[in-house]
Amino acid sequence: MTLPEQTSVVPAVEMQDIVLQFPGVLANDHVNFTLLPGEIHALLGENGAGKSTLMNVLIGLYKPQSGSIRINGEKVTFNSPKEAIARGIGMVHQHFMLVENQTVTENILIGLDEPRFRLNLKKYDHEVSQLAEQYGIHIDPTSKIWQLSVGEQQRVEILKILYRGANILIMDEPTAVLAPQEADELIATLKGMAAQGKSIAFISHKLHEVKQVADKLSILRHGKMTAERVDVRDMTRESLASLMVGREVIFNLHKCQQEAGREVLRLEKVSAVNNKNLPALREVSLDLHQGEILGIAGVAGNGQSELVEVITGLRACTGSIWLDGKDLANKPPSFSISQGLAHIPEDRIGVGSAPNLSLTSNIIMKRYDQEPISKKWQLDYVAADDLTHRLKGEYDIQAPDIKTQARKLSGGNLQKLILARELSSTPRLLVAMQPTRGLDVGAIEGVQQLLLRQREQGCAILLVSEDLDELLSLSDRIAVMYEGEIVDTLCSEDFDINTIGLMMTGSWKEEDAEAPEAPLRAGETASSFDETLRSLDEFEQRKASENAPEAVPEAQPIAPEETGAVETAQPAAPRDETLAEPDFIPGESEKERVLRKVLGKKYDRQGGQE
Amino acid sequence: MRIPYPVFTKRTTENPKWLPVVTSVGAVLLAFLISGIILKLIGANPIKVYSYFLKASFGSWGAFSDVLVKATPLLLIGLGCALAFQMRLWNIGAEGQFFIGAFMATMVVTVPLVNLETTPKALILTLMAVLGMIGGALYAFIPGFLKAKLNINEIITTLMLNYIAVLWNNYWIFGKWSDAGFQMTRTFPKQAWLPRLADYAAKVPAFSGMTAHIGILFGLIAALIIYLIIYKSKWGYKITLIGDNVRAARYAGINIAANTILVFMVSGALAGLAGMTEVAGTVHRLQERISTSYGFSGVIVAWLAKLNPFAVIAVSILFGALLVASREIQPSGISFLIQGITLFLVISSDVLLKYEITWVRPKEEHA
């Protein structure tokens, strides 16, 4: 395919025939990529398809084996990112590179030749806020990075690039770390920047978001372009998905009807505190049966992580957790593992794997102490390698060989590795936390089918997810968590996305007349929280008639907004990204907006799909 | 003038197996080259110095025996450090564990714990070795426990405990155990000497005067055991897993606290054994300067060997040779100079394993 449109415009970026070979993988196979001025060009593909690699070539991090790059019509060879920056190319990585204890301005100035010795911070604060204003970015240049939410930190990264005079911006999966509401804001910002002539390459694997943001899109699969510069409007979600994964993707999973068996897991009045010593779980009780998937719905930070940690033995608690008659509460993880509990952790790299060790070492993590891998004091590496070979094939883990370090795997393959380890032991109970987050459609489908297969085989599954669609299509029952409590548990015939949404945002209680006050509210935090909730409700009612922003600051410990950045449209909006911190939940006051945020994707999709 | 400059690109290909070996050996050779330049600058003839070095340490069996004497404590301590470092536990306290090991072994003789006349020699020496190891292990238990239970930084605690151990020894050799007011204990009776090659001179005349003692054998056996632990055993797998990702290890059901304490104690036991071999094999008394900072050199040995137990053997012999040669060369600091440069270069050479370096001429970039 060549360029469909005949233009006289000089492309901002023109990459031709880029070839880059990694060990065992041809990451980019004669790839072309063109970006016009003022254009947002989305680059789609599965994990490991070569999107990030291609962009790393563009910013000079990798040197291609062959191929050419032209910037504004001029042929260039980059030896380092520095040279790419000099050409006006900047990249916002998925993981931010910011100094926590320094201010926004200081972070933006890091590494620049100007200022030289004496730093007149005020002058630069002013410059930064002007730049931010120009592109409609809301940020206070004097606030320190640790005070900012993830979304705001991302804005700092964007400003960093703009300050260096970039005209070509590369965004590497920018929305992966954002809440839907923040993602919307980002997309608006990007569109604004494009309108002012910046060229933006937007890496993503979220189909709906690409349709929202991009003008053109290209799709990579296994290092090759399967679609080049096609018009976003011409594509449907299904056609995009099949171009990405190379086959039809079934968006409706087949879930067989089956009766749940005997009870496997029972939690009785389990309470626990979070890392900050604040109550995170409040007398949670639930039960889970053989061949059943119990979904846990909730906005991040409402106790789901703690619930999982308590069951898997990683966090202390009060109350009891019965797994087939044995109490798991406050037992070490080794005990629950020996009782047939499998755990797919939320943090694949930080918890689920040993990044510098081989596939084999990662596969045997939970069974190095069992036959045949364990031989008295010895570890039988031959048996371990055999097992790894078998599982690598069975679960289709894409890696050059079993000695490959886990950190060299793509996200989807790493998750397959973890699933292979956890599921191959035929667990009685599987606790899966966000098993599909950050994966592409193809991998998501694979993971979900694996979960359903476990269900058919009689495994009891506790599925914690922030993706309501996933919960609705997989779960037999859904328990909704809010502020460390289970608000209610619904059976599949009662699933109603609006009800669940209301429960997730804590709005259900007021409407549900019979809901009593929670019996044991641990100390001040809880009661002061209730107060805030009440005051916010009043605030909400008042706001209907007049706009009164004075009630907001009280709920927000850090309020750097007064200076610099001018908040225009929504007075309380930019704070709720911090939902991950329980302290910030009062920020959710505007019920409607939060609902849209929680159900955002669903709302967007409902029109086209059903 | 256009000077080519290096550009570092992350390696995209798997490293060939020989590369780490080549870079390490290359770094050692480069260290000798740089040291040679420095020697030249201060007016010495580097070739002469190095050949004298070689002669002094490997020139004869007698010289090599001296090298082995120096290598023995380095080997044992280096192995202990290698094990701890494998778990990313920074035990910088080998010096202190060495001294406490030496102290405990000395107790057998000076207290005395057994009747030195009637008890068989083998029993006395076994007791000394066991007590030395227990001493080192218990002394390492302190930082291990503090790390495991209270998460106190082990670098600080082990470093500080070194001084306490030295002063504790001083208390005894200055006071109660002092030999006629000298800052040392009296010489141990022969019953408490580790067998040396010279002891067999009657049978093998070539051994006469050779001071190498059985301690080096302890070291070689320990190297084999540590190798089996790290690369073959389940425990070694756990240690490696904890070292790479503590959170993953915890998630996999491994008891981090217990392993932290255990690894610390094994590491300390090896340093304690080194202390015992030094007093029973080399000095034959407890004195202030039994260690020429073996504890710290052991850290360097472990690093240079990239934590591989068999490489620790080679590196400790190299360092032993440098120590022996330093007796013969004035100023004696030359060996430490070479040691320092070697460590610096070997650690820096790691960069070659992670990056590909290409030289770029400035004019190219504006083409």
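No value in this document is a laboratory result; all are computed from the given coordinates. Predicted model only: the values in this text are computed from it and were never measured. We place every Cβ from the backbone using ideal geometry, glycine too, and count neighbours over all the protein chains shown.
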Please state the relative contact order of chain B as a whole percent: Cα pairs under 8 Å, 6+ residues apart? 37
Can you pull the one-decimal nm distance between simple spin-label points at residue B:119 and residue B:33, each 7 Å off the Cα toward Cβ? 5.5
Among A:66-74, A:81-89, how do they line up from the highest to the lowest mean number of other beta-carbon atoms within 10 Å? A:81-89, A:66-74
Within a Cβ distance under 12 Å of residue A:95, other residues only, what is the Lys/Arg minus Asp/Glu net charge? -3
Straight-line reach from residue B:232: which lysines have a Cα under 26 Å away, not including same-chain ones fewer than 8 places off? A:366, A:375, A:376, A:392, A:403, A:408, B:17, B:306
Net charge of Cβ neighbours under 10 Å - reference residue A:292; Lys, Arg +1; Asp, Glu -1: -2
Write out the chymotrypsin sites (Phe, Trp or Tyr not before Pro) in segment A:356-451 meeting two conditions: DSSP loop, and at most 16 other Cβ atoms within 10 Å of their Cβ. A:377
With residue B:82 itself left out, Lys, Arg at +1 and Asp, Glu at -1 over residues whose Cβ is under 13 Å from its Cβ give +2
Neighbour-count ranking [beta-carbon atoms within 10 angstrom, fewest first] of A:256, B:81: A:256, B:81
Estimated FRET transfer efficiency when R0 is 60 angstrom, pair residue B:47-residue B:9 (beta carbons, to 0.05): 0.95
Rounded to 10°, Cα long-axis angle of helix B:333-348 versus longest principal axis of chain B: 50
With springs only between Cα atoms under 10 Å apart, run a GNM on chain B and tell me which of B:274, B:84, B:314 wobbles the most. B:314
Please label the shape of the protein assembly as shown as rounded, prolate or oblate, based on the square roots a ≥ b ≥ c of the eigenvalues of the alpha-carbon gyration tensor (a/c under 1.5 means rounded; beyond that, a/b larger than b/c means prolate, else oblate). prolate
Among B:9, B:51, B:69, the residue whose Cα sits farthest towards the positive end of the charge dipole of segment B:3-102, when +1 is placed on the Cβ of each Lys and Arg and -1 on the Cβ of each Asp and Glu, is B:9
Cleavage-rule hits, trypsin sites (Lys or Arg not before Pro), segment B:240-297, DSSP coil, Cβ neighbours within 10 Å at most 11: B:289
Taking only Cα atoms, what is the 0 to 90° angle, nearest 10, from helix B:94-110's long axis to the longest principal axis of chain B? 10
Helix-only mean residue ellipticity at 222 nm, chain B, DSSP H runs n ≥ 4 weighted -39,500 (n - 2.57), per residue, nearest 500. What is it? -22000 deg cm²/dmol
Tilt, helix B:61-86 to longest principal axis of chain B (alpha-carbon atoms), in degrees rounded to tens, equals 70
With a cut-off of 17 Å, note down the residues of segment B:274-301 whose backbone N falls inside the zone around a label point 7 Å from the Cα of residue B:172 toward its beta carbon. B:274-291
Rel. contact order, % - alpha carbon contacts under 8 angstrom, at least six apart, segment B:62-167: 36
Take peptide B:236-248, look around each residue's Cβ out to 10 angstrom, count Cβ atoms belonging to other protein chains, and average those counts. 6
Need the list of lysines near residue A:224 for cross-linking: C-alpha distance under 16 angstrom, and skip anything on the same chain fewer than eight residues off. A:51
Is segment A:257-315 best put as rounded, prolate or oblate by its Cα gyration tensor, with a ≥ b ≥ c the root eigenvalues, rounded for a/c under 1.5, and otherwise prolate when a/b is larger than b/c, oblate when not? prolate
Report, ordered by chain and residue number, the lysines lying within cross-link reach of residue A:276, taken as a straight Cα distance under 21 Å and ignoring same-chain residues fewer than 8 apart. A:144, B:149
Rounded if a/c under 1.5, otherwise prolate or oblate - chain B, Cα gyration tensor axes: oblate
Any GluC sites (Glu not before Pro) in segment A:256-321 that lie in a DSSP loop and have at most 16 other Cβ atoms within 10 Å would be A:259
